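To start, the structure under review is shown below, and the notes come after it.
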Amino acid sequence: MNMFSVIAPFYDVMLSKLQQRQTGTLIDRLPDLHGKTILDLGGGTGKLAAALSTEGADVYLLDASKQMLKRAQRVLPGNRIFLGDAARLPFANDMFDVALIVDAIHHMPAQHEVITETRRVLRPGGLLYILDFSVNSSYIRVLQRLERLAGEPSVFFAPDTLAELLATSGLEQVNIEMLSQHEFLARAMKPVN
Ligand SMILES: C[S@@+](CC[C@H](N)C(=O)[O-])C[C@H]1O[C@@H](n2cnc3c(N)ncnc32)[C@H](O)[C@@H]1O
């Protein structure tokens, strides 16, 4: 049984402060969301997706945990919730204006495939945002050990390593913003041509 199947009922209570802060960080930095089609990968219980939907975006959420998605169904209206692996997306090419991976890529075993799949489904000029914690922080290296003890594949990136992976995966205008000494936001664009 995976960690998120166990913690799904308590997830929002345990992490509500972090979710609120990360949602605020993204809403402050995302382009105008009205009428935009957004993909939230590893979107979990749907708190961020619901907030973006309130801002006028058309939000699709995909996650690998049925139990997390059960919660998402309560807060995200419509039927845009998908159970699946972010490394094999059930979406057409060039479909999304924005893709988000928040506190999730370090849980995904096939990180390179996740990036190339996300690039495929972004429209030319579409933006990918990855918000996560940095392995350069000693606190995060302890967290990585704890998550692995709980059975997660957890591999946290160093910001520079993720930037290089985004660039070698065919994304451009790669930018890293350090949000604190532990947490960073990576942004990259799918080339227009
Ligand atoms: C720490 S939670 C973050 C949830 C949400 N993004 C948030 O910020 O509240 C990580 C999520 O990634 C999901 N996940 C892990 N591996 C995945 C994969 N290969 N494909 C899709 N989702 C995955 C987990 O099921 C879990 O819901």
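In table form, for the structure just shown:
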quantity: Complete set of residues in region 119-162 that are at positive phi and not in a loop (DSSP other than H, G, I, E, B); calculated: GLY125
quantity: Within region 95-107, tally of residues that are in a strand (DSSP E or B), closer than 16 Å to LEU185 by Cα and open to solvent by 10 Å² or more (accessible area, probe 1.4 Å); calculated: 1
quantity: Subset of region 127-162 (residues that are modelled with pLDDT of 95 or more, of a type in the set (Gly, Ala, Ser) and over 15 Å from the mean Cα position of the chain (by Cα)); calculated: SER137, SER138, ALA158
quantity: Candidate set from region 110-127 (those that are in contact with an Asp or Glu (Cβ under 8 Å, 6 or more places away or on another chain) and within 14 Å of the ligand (Cβ to nearest atom)); member that is most open to solvent (accessible area, probe 1.4 Å); calculated: ALA110
quantity: Options ALA51, ALA92, ALA86: the member that is open to solvent by 20 Å² or more (accessible area, probe 1.4 Å), within 26 Å of LEU165 (Cα to Cα) and not in a strand (DSSP E or B); calculated: ALA92
quantity: Given (1) within 25 Å of PRO109 (Cβ to Cβ); (2) surrounded by fewer than 18 Cβ atoms within 10 Å (Cβ to Cβ); (3) at pLDDT 95 or above; (4) among the polar types (S, T, N, Q), number of the condition THR45 does not satisfy; calculated: (2)
quantity: Of all residues making up region 64-83, the number that are in contact (Cβ under 8 Å) with a residue 12 or more places away in the chain, open to solvent by 20 Å² or more (accessible area, probe 1.4 Å) and not polar (S, T, N, Q); calculated: 11
quantity: Failed item in (1) within 20 Å of ARG123 (Cα to Cα); (2) near the ligand (Cβ under 9 Å from one of its atoms); (3) not small (Gly, Ala, Ser), with LEU48 passing the rest; calculated: (1)
quantity: Looking only at region 7-37, and only at residues there that are away from the ligand (no atom under 11 Å from the Cβ) and open to solvent by 80 Å² or more (accessible area, probe 1.4 Å), the one that is nearest to PHE91 (Cα to Cα); calculated: HIS34
quantity: From ASP58, ASP40, residue being in contact (Cβ under 8 Å) with a residue 40 or more places away in the chain and either of a type in the set (Val, Ile, Thr) or open to solvent by less than 60 Å² (accessible area, probe 1.4 Å) (or both); calculated: ASP40
quantity: Pair list, Cβ under 6 Å, 6 or more apart: region 9-32 residue under 30 Å from GLY125 (Cβ atoms), other residue near the ligand (Cβ under 10 Å from one of its atoms) and open to solvent by less than 30 Å² (accessible area, probe 1.4 Å); calculated: GLN22/VAL102; GLN22/LEU131; THR23/LEU48
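The values are calculated or read from the model by the stated rules, or taken from the named source; none is laboratory data. On a predicted model such as this, the values are computed, not experimentally measured, just so you know. Because the Cβ atoms are built from the backbone with ideal geometry, glycine has one as well, and the counts that use them run over all protein chains shown. Side chains included, ligands, DNA and RNA excluded: accessible areas come from the protein's heavy atoms. Shrake-Rupley method; radii C 1.70, N 1.55, O 1.52, S 1.80 Å.
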